[in-house]
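Report on one structure; see the data block that follows.
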Amino acid sequence: MEITAEHKCLKRGVKEVVKSISRGHKGMLNHVPSIFYVITHVPILCEEADIPYVYVPSKEDLATAGATKRPTCCVLVLTKPTKGKLDPAEQEKIKADYSQVVADISELTSSLF
């Protein structure tokens with residue numbers, strides 16, 4: 001997630017994530033289930049928008065992965081920045097990494113059920 005953080009492809013926090021999903025941005029959601037009562041609507045929004053999501057053990061782990069010191073309960077990882085443009089090589093790297101993570105998540109969830 002560090003590359004996406006560096007290129008402003010992350011949305012952190014419930015308010016920012018919900019706003020981004022409502023605007024039609026696509027990505028992958030990571031969130032902490034221990035505070036589920038705060039974000040019960042977010043997985044439903046993700047399912048409606050066909051956005052994959054995963055649960056993360058702690059807010060601190062999510063903050064570390066998102067290259068920030070402040071703990072956060074959810075992060076939306078985008079495949080491109082909402083403002084500005086990326087170098088084509090960097091854009092392809094982010095898309096390739098994103099596709100690999102989504103494939104890994106799909107494989108894990110299909111083996112569980």
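Just so you know, all these numbers are worked out from the coordinates, no wet-lab data involved. Here the structure is a predicted model, which is why all the values come from computation and not from measurement. So basically every Cβ, Gly included, is an ideal-geometry build from the backbone, and we count neighbours across all protein chains shown.
Tabulated values for the structure
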item	result
Rounded to 5, the percent of DSSP beta bridges in the range 2-112 classed as antiparallel	75
Dipole in debye (nearest 20) - the range 2-112, about Cα centre, beta carbon charges: Lys, Arg +1; Asp, Glu -1	620
Charge tally in the Cβ shell below 13 Å around Val102, where Lys, Arg are +1 and Asp, Glu are -1, Val102 excluded	-2
